[in-house]
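Since the structure comes first, as structure tokens, the remarks are kept for the end.
The values are calculated or read from the model by the stated rules, or taken from the named source; none is laboratory data. From a predicted model like this one, the values you see are computed outputs, not experimental measurements. Cβ coordinates were reconstructed from backbone atoms using ideal geometry, including for glycine residues, and neighbour counts include every protein chain displayed. For the accessible areas, the whole protein counts, side chains as well, though only heavy atoms, and no ligand, DNA or RNA atoms are used. Shrake-Rupley method; radii C 1.70, N 1.55, O 1.52, S 1.80 Å.
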Amino acid sequence: MLVLAGIGVIVAGFLLRFNPLLVVAVSALVTGLAAGLDPLAILAAFGKAFNANRFVSAVYIVLPVIGLLERHGLQERARGAIAALKGATVGRLLIGYLLFRQLTSALGLISIAGPAQSVRPLVAPMAEAAAERQGLAPGGDAIPAMAAATDNIGLFFGEDIFIAIGSILLMKGILEGYGIVIQPLHLSLWALPTAVAALVIHGARLLWLDRRLARRG
């Protein structure tokens, strides 16, 4: 009957309004110990269950690490690094990031960067530091918004080049439903002109941003 102690932990935890995740974890630990399992076996069971049934992308596990890095000065170091580079501007920095985002997305590496992973802790602070060197007053949302838009454009127009991405497979399935048989590689190749156009158009917008900042400075 001791193995039922975990149920009591759950009831008590919910009545006391403790964190549900913590309550469930403690309940599982109590149940395992009551059943005679050693702590390492319980931990192994936790890991196996998480790996077999996880529905949340592994990228979200990295978010606490990014938070700790920000707390210890990641953004300040990023701003300092871009401020030390001569000739660095917002447009040049974001064009380089746009190209990087498109190339990695075209290879299927869509989760190695993003608003949470790279824009907020690194790209946006670096772009703000470059803008301040160009004469823009500190603060405001225009530069972080442009950094986030650059990430979104790079991902959106780069991922369709990867033949195994969901959008390519969705288009293939819809076309086959209308009797049009086409290979994913052909769809990917036709995504190349759109990606190049996005790079040119958004790159021109970023260079125009540089010109506006130069006039203001």
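Go ahead and run the numbers for FRET between residue 72 and residue 112, Cβ-Cβ distance against an R0 of 35 Å, rounding to 0.05. Working shown, then result.
On the way: r = 22 Å, r/R0 = 0.62.
The formula returns an efficiency of 0.95 here.
Work out, step by step, the length gained on full extension between residue 185 and residue 215: first 0.36 nm times the residue separation, then minus their alpha carbon distance; give nm to one decimal.
On the way: separation 30, 0.36 × 30 = 10.80 nm, distance 4.54 nm.
Here the segment from residue 185 to residue 215 would lengthen by 6.3 nm.
Rounding to the nearest 20 debye, state how big the charge dipole of segment 77-173 is about its Cα centre with +1 on each Lys and Arg Cβ and -1 on each Asp and Glu Cβ.
280
Based on the Cβ-Cβ distance from residue 45 to residue 156, what FRET efficiency comes out when R0 is 35 Å, to the nearest 0.05? Intermediate values should be presented prior to the final figure.
On the way: r = 40 Å, r/R0 = 1.16.
For R0 = 35 Å, the calculated efficiency reads 0.30.
Using every Cα-Cα pair within the chain, state what percent have a distance larger than 23 Å.
Working: 14855 of 23436 pairs.
For the chain, the share of Cα pairs beyond 23 Å comes to 63 percent.
Which percent of the accessible area of the chain is formed by carbon and sulfur heavy atoms (probe 1.4 angstrom)?
71
Positive end of the dipole of the chain, charges at C-beta (+1 Lys, Arg; -1 Asp, Glu), about the Cα centre: which of 11, 43, 213 has its Cα farthest in that direction?
Value: 213.
GNM on the chain, C-alpha springs below 10 Å: top fluctuator among 74, 122, 33?
33
State, to one decimal in nm, how far the label point of residue 81 lies from the label point of residue 178, with both points 7 Å from Cα in the Cβ direction.
Once both label points are built, they end up 4.6 nm from each other.
Give me a comma-separated list of calculated 3J(HN,Hα) values for segment 71-87, in order, Karplus coefficients 6.51, -1.76, 1.60 applied at θ = phi - 60°, integers in Hz, x for any Gly or Pro.
4, 9, x, 4, 5, 5, 5, 5, 5, x, 5, 6, 5, 7, 8, 6, x
Using the heavy atoms of the protein chains alone and a 1.4 angstrom probe, what is the accessible area of the chain per residue in square angstrom? Mind showing how you got there, number by number?
Values: 13790 Å² over 217 residues.
It amounts to 64 Å² per residue over the chain.
Report the charge-dipole magnitude of the chain in Debye, nearest 20, computed about the Cα centre from +1 at each Lys and Arg Cβ and -1 at each Asp and Glu Cβ. Write out the running numbers ahead of the final one.
On the way: 17 positive and 11 negative charges, 131 e Å.
It comes to approximately 620 debye.
Roll a 1.4 Å probe over the protein heavy atoms and report the accessible area of residue 109 in Å², nearest 10.
Ignoring ligands and nucleic acids, residue 109 comes out at about 80 Å².
Could you pull the accessible area for residue 208 with a 1.4 Å probe, rounded to 10 Å²?
Only protein atoms counted, so the area is about 120 Å².
Putting +1 on Lys and Arg Cβ atoms and -1 on Asp and Glu Cβ atoms, find which of 134, 147, 119 reaches farthest to the positive end of the dipole of segment 118-217.
The Cα lying farthest towards the positive end belongs to 134.
How many nm separate the modelled label positions at residue 208 and residue 194, each set 7 Å beyond the Cα in the direction of the Cβ?
Going from the residue 208 label point to the residue 194 one covers 2.2 nm.
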